[in-house]
Amino acid sequence: MYTKENLGSLLLRAGAITEEQLNESLRIAEAESKRLGEVLVQNGYVTEERIHQFLGIQLGYPSIVLERTYLDSAIAKKIPEKFARRYGVIPLYRTETAQGPVVVVAMADPTNIKVKDEIQHALEENIFVAIASPKDIDQTLDSIWNPDYSSATTESEQRNLLPVTEEETKPAIAKILENIFKRALELRANAIHIEPKNKYAGVRFKIDGSYHSITSFPLDTYQAVLARIKILSKIRVGESVISVEEGRFHIREDLAKPVIDVRVTIVPEVFGAKTILRLTRREEIIRPIEQIGFEPEQLGILQTILSNKSGLILISGRYDSGKTTLAYSLLSAVSSKSNMIVTVEDPTAYPISSFNQIKKLINSPDSGNVWEQTLRIVESQDPNIVYMSNVDTKGETAMMLRFASTGRRVIATLYAEDAPSTHWVPFRLGADSYSLAWSYSGVISTRLIRRLCDSCKEETVINEEVLAKLGSNKKMIAGKKIYSATGCEVCNGTGYRGRIGVHEVMPIYDHTKELIESKADSDRIRESAKESGMMSFKEAAICKVIQGLTSLDEIEQFM
């Protein structure tokens, strides 16, 4: 039979703690009636995250964050408070599986078989165990046994983000999905990943470019959640996922705010179908260009580029660097009733009524020159402005240059590291150097960095080692007040909340066009651009530090 020592033995075998630390912690746990994991963390021998990591990987238990997980207080109270606190357990909710109903239970130490047996006996039902931190469990128990708790949750549950039918107002499935979306909006996540594993499905949020584990539930519960997502997004239900499937639906955070677009992608994986839910807010994808991170000097150059009524504007960056937000914001800046805007995207980032949005035609061995078909569709609308997303084929490159050479204004996004090297991407895709150089109006390269949390950022002192990394740019920051990340409840302990763009804006003058036509290397293009007033990524990032928007640690990628 398993006892508290099994958690210690697991950590001992993995080399996370020593035998001396284990024996000492066991004595304290016995003397003070504490859980072993609690004592190990309290003594600084191992972190809660380390314990969860070993239990999750080696024993296959999912981890959850309780404040972001659906909880039925009536089921939670079926276990006496004293027992729940002593052993660190909370029954969360009941759900259906192929083997019948089970209760999802959070435990600080899921290796304790004796406690698990007692929980099953008390609930008179089978259980599905997930790992939660002792601190998280204690805080949740405080709220459960607080007399005001039930009324607070009732009020919260009445505000539904998702449409529900009469039959769906009670089951846990609808409440689980509702809770996931509410937590995602609270944390300002821009994507939800529901990932099937061998024995369970895990939920992760993408927040400010990083992934965070949120909750988990049984695989059978996930199948019900997936079916509900399919119904909402008008994807066929009841069929196995053998290829990528896509759909959309909307949720509304508040009646006073615009709807939030949810783009659904379902991907077949080894353990089942993974669901990716991308959340897009209208006010975030289209912003005034003055509010997306350009420095004053850059705005002047950008306005000059946008004043050209024809020509090619390339927006470059890495994956998840803000290219689409920048492109939509530029399109909005040049949009007017006298302009016809056509976008060519796959998929459409966000439905905008003032744009004419078409989906890219996909190349296949039997489709011939698909790009020519797309070109005819676009040209038949006689647009003044054309936007093309993620140009990455020879045909799309030819189409982009065709539009630019016929007196239209073209905005296109592609993957490249910085502004001076962007022109090499069309070259590698077969672009003619003369056509590219003399259709060019400008290049904007973009990246996203995390913003410091205004609630907890602290003034800090810059050390000599960091100053040395700044090189010749250290004079920009000398004597300036700078801040560092701390972490609080508002920012989920990260020290950062939200992201902001850092840009390179490169104007294309005649001498730059001559360099591009001659296929000069990126260093020569960069020198020419800096002489013409281009601010580098490094300089723009340092400006964000001086303004108190981010930290020196966050801009280390530009050093």
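Brief remarks follow.
- The amide H of residue 92, built 1.01 Å from its N in the peptide plane, has 104, 105, 106 as neighbours under 5 Å, considering only residues 5 or more places off or on other chains.
- Rounded to whole Hz, the Karplus (6.51, -1.76, 1.60) HN-Hα couplings of the stretch 248-253, x for glycine and proline: 8, 7, 10, 10, 10, 5
- Placing pseudo-labels 7 Å out from each Cα toward the beta carbon at residue 307 and residue 117 gives an inter-label distance of 8.3 nm.
- At R0 = 41 Å, FRET efficiency that the Cβ-Cβ distance of residue 9 and residue 73 yields, to 0.05: 0.70
- Potential lengthening of the chain between residue 30 and residue 291 amounts to 88.2 nm, from the contour at 0.36 nm per residue minus the alpha-carbon distance.
- Distance from the stretch 497-559 to the stretch 194-237 (C-alpha centre basis), Å: 39
- Distance in nm between pseudo-label sites at residue 299 and residue 476 (7 Å out along the Cβ direction from Cα): 1.8
- Spatial separation of Cα centroids for the stretch 288-344 and the stretch 386-448, in angstrom: 14
- Here the stretch 64-139 is assigned +1 on the Cβ of each Lys and Arg and -1 on the Cβ of each Asp and Glu. Its dipole about the Cα centre then comes out at about 180 debye.
- Efficiency of FRET from Cβ geometry, residue 523 and residue 23, R₀ 45 Å, rounded to 0.05: 0.15
- Mean shadow area of the stretch 286-558 over all directions, Cα convex hull, nm²: 16.0
- Point-to-point label distance, residue 250-residue 234, nm (Cα→Cβ direction, 7 Å offset): 1.3
- For the stretch 427-500, diffusion coefficient by Stokes-Einstein and Kirkwood Rh (Cα), 37 °C, 0.692 mPa s, µm²/s: 203
- Cα Rg, Dmax (largest Cα-Cα span) when computed across the chain, Å: 27.7, 83
- Within the chain, helix-based [θ] at 222 nm, where runs of 4 or more DSSP H residues each add -39,500 (n - 2.57), nearest 500: -11000 deg cm²/dmol
- FRET efficiency, residue 269 to residue 354 (Cβ-Cβ, R0 30 Å, nearest 0.05): 0.20
- Greater than 20 Å apart at Cα, pairs in 230/274; 274/359; 82/116; 481/530; 309/513; 257/337: 274/359; 481/530; 257/337
- Distance-filtered residues of the stretch 428-461 - backbone nitrogen under 14 Å, label point 7 angstrom along residue 405 Cα→Cβ: 430-440
- Fraction in percent of alpha-carbon pairs per bin - 5 Å, the stretch 1-49: 4, 24, 38, 25, 8, 1
- Difference of contour (0.36 nm per residue) and Cα-Cα distance, residue 243 to residue 546: 104.3 nm
Any read-out appearing in this document is the output of simple, stated calculations on the displayed coordinates, not a laboratory observation. Remember, predicted model here, so these are calculated numbers, not experimental data. Cβ sites come from the backbone with ideal geometry, for glycine too, and all protein chains shown count toward neighbours.
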